[in-house]
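Each remark here refers to the structure printed beneath this line.
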Amino acid sequence: MTTNDKKYTVARTTYCKRLIPGFMIVKVKGGASMTEETSRGDIESTKEKEWTAADFSQLPEHAQLEKNWTWFQNQKIGVLLHWGLYAQAGIVESWELSDADRWARQPKAWRPNMTQLKQDYWGLAQQFAPTHYDPAAWAAVFKNAGIRYAIFTTKHHDGFNMYHTQYSDYHADADLFGAFAQAMTQAGIGVGAYYSKADWHHPDYWRPDGTPKNRGIDFDRHQDPERWQRYVTFVHHQLTELAANYGPLRMLWLDAGWVGDAREPLALDQIIPALWQKQPQMLAVDRTMGGRFEQYVTPERQVPDIQNRPVLPWESNIPLANNWGYTPGDTYKSIGEIIRTILQVVTLGGNIVLGVGPKPDGTLPAPASRLLHQLGGWLALNGQGIYNTRPVAAAAIAAARRQGYAITQDDRAYYLFPLASVPPQTLDLHALHLPDTQPIVTRLGWQGQPFPVKAQHVVRLPGSLRQSLHPGLRIAKV
């Protein structure tokens, strides 16, 4: 099975709960990575302008962008919090509101008809009361997990604002993003702001007239340019609030890939450069749009193919469970799956952001907390081979894979991680074709002696090592 997009392969196969015939067919290469469903309709693949690093080199923000890219590529692991009224409902984010997105209401809709569904969903704002929200506790969990940056959903497509905005009365009682940003910054975790460019609650995007809607605007902007301009101004005001009021932001993560210059232009060239005056370290991520304001690429629920990696810095975003937001009884991935997918992403030079859906009371789901705790234990031993690393040449990646390993490097060493749950018994250094190495192989996170290397440059790994979960190996550079 193959995708229409040749760049990416879905992380692994699974039973599809919401399969819609003909929606998406996936191809799996190499196995041993994270589960992803094939039936979701929320994965946008629009690319209006495909840019390379050379295109950015001509822009006035290029020097700062190079610094921002370096910071980003050193971090490797982030977390993405989808949290809003959909947690109160326990449904797949806010997608059920879109009449055209029938996939989100399968196998059973939240309400029996769309009129009642929308009425009840908009009314959730009166019930949403996250009385146990403790962002400092979240920050402690993320810090211990080895998370380097955290992206918070300030507003999903439903238009419910998780921060205090002057431009809408449809928001949480407390400034939830403000408390989050402060806690993360104090913990030394980079802060990102997710913001949906669509707003299904705003009357200049969707009229509250009871007519069926798709995910885009419900009018012809050419016939009513004043209405569209009001919405553009509203978005600009909100983006200005986020950049002005919440301390240093590392990324502005713009979602809703159907909102772009071809169909719903937001004049980002008039607002984002102004935001950079306040936030020069902020990466603009106009997801799936390409061009000047997609400064890094975000393959969703996917690991790129080795030969077709994005030319720009990139970040695979994959939820710990099946859904981004909290749904009761959701299926979570295993720690082995998570680590294997991290290895597959990092060996190709990417970052990974792990999706977590907080509960409506403001706590993190217990399965997510457990997985993050386990991840932190693994990174405490093996993080040297993950953070601040860069990819090796494609031929060396392929050579390592043939032996069952993922490989990374920094200025001092190469790092290899077995991809299988049971590591190989040997490592053939010569077959890796790494000319600048010393025959000194040690285990990450341990102070023991180097493993003996035979004359043929083959290392036999001890049985105790093969009982560990994806143990990292370090090969010194000359």
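Here are the numbers for this structure:
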{"quantity": "Whole-angstrom gap from the range 155-207 to the range 378-433, using each part's C-alpha centre", "calculated": "40 Å"}
{"quantity": "Check: the range 39-385 dipole with +1 on Lys, Arg Cβ and -1 on Asp, Glu Cβ, in debye", "calculated": "880 debye"}
{"quantity": "Between the range 210-236 and the range 314-351, the alpha-carbon center distance in angstrom", "calculated": "35 Å"}
{"quantity": "Among Leu85, Pro130, Ala104 the positive-end extreme of the charge dipole of the range 85-138 (Cβ point charges)", "calculated": "Ala104"}
{"quantity": "Nonlocal amide H pairs with Asp218, under 5 Å, H built at 1.01 Å", "calculated": "Arg207"}
{"quantity": "15 Å cut-off, amide nitrogen to a point 7 angstrom out along Glu50 Cα→Cβ, residues in the range 267-289", "calculated": "288-289"}
{"quantity": "Over the range 190-254 - Rg/Rh using Cα atoms and the Kirkwood inverse-distance radius", "calculated": "1.06"}
{"quantity": "Contour excess over end-to-end distance, with Cα ends at Ala476 and Gln281 and 0.36 nm allotted per residue", "calculated": "66.8 nm"}
{"quantity": "Extension gain, Asp361 back to Thr426 (0.36 nm per residue minus Cα-Cα distance, nm)", "calculated": "18.5 nm"}
{"quantity": "Residue exposure sequence - Phe293, Phe180 - by fewest surrounding Cβ within 10 Å", "calculated": "Phe293, Phe180"}
{"quantity": "Convex hull of the range 394-477 built on C-alpha atoms - directionally averaged projected area, nm²", "calculated": "5.1 nm²"}
{"quantity": "Modelled label reach - Gln64, point 7 Å along Cα→Cβ, the range 242-265 residues with backbone N closer than 18 Å", "calculated": "242-254"}
{"quantity": "Sites Glu226 and Ala136 - FRET efficiency at Förster radius 41 Å, r taken between beta-carbons, to 0.05", "calculated": "0.35"}
{"quantity": "Point-charge dipole on Cβ atoms (K/R +1, D/E -1) for the range 360-449, about Cα centre, debye to 20", "calculated": "140 debye"}
{"quantity": "Footprinting exposure proxy for Leu254, Leu268 (fewest neighbouring C-beta atoms within 10 Å first)", "calculated": "Leu268, Leu254"}
{"quantity": "Label-point gap, in nm, between Asn308 and His373 - each point 7 angstrom along Cα→Cβ", "calculated": "4.1 nm"}
{"quantity": "In the range 92-198, the trypsin sites (Lys or Arg not before Pro) that fall in loop regions by DSSP, at most 10 other Cβ within 10 Å", "calculated": "Lys108"}
{"quantity": "222 nm mean residue ellipticity, helices alone, for the chain (DSSP H n ≥ 4; -39,500 (n - 2.57); rounded to 500)", "calculated": "-8000 deg cm²/dmol"}
{"quantity": "For Asp305, distant residues with modelled amide H under 5 Å away", "calculated": "Tyr8, Thr9"}
{"quantity": "Of Gln449, Ala366, Thr288, farthest towards positive along the dipole that unit charges on Lys, Arg, Asp, Glu beta carbons give the chain", "calculated": "Gln449"}
{"quantity": "Of Asn74, Tyr326, Val422, farthest towards positive along the dipole that unit charges on Lys, Arg, Asp, Glu beta carbons give the chain", "calculated": "Val422"}
{"quantity": "Order of Thr331, Thr298 - criterion: other Cβ atoms within 10 Å of each residue's Cβ, fewest first", "calculated": "Thr331, Thr298"}
{"quantity": "Sequence-distant residues sharing a close amide H with Thr437 (under 5 Å, placed H)", "calculated": "Val478"}
{"quantity": "Within the range 212-282, trypsin sites (Lys or Arg not before Pro) in DSSP loop having at most 15 other beta-carbon neighbours inside 10 Å", "calculated": "Arg263"}
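Read-outs: derived from the displayed coordinates by stated rules, not from any lab. All values derive from a computational prediction rather than experimental measurement. Every residue, glycine as well, gets a Cβ built from its backbone with ideal geometry; the counts of neighbours run over all protein chains shown.
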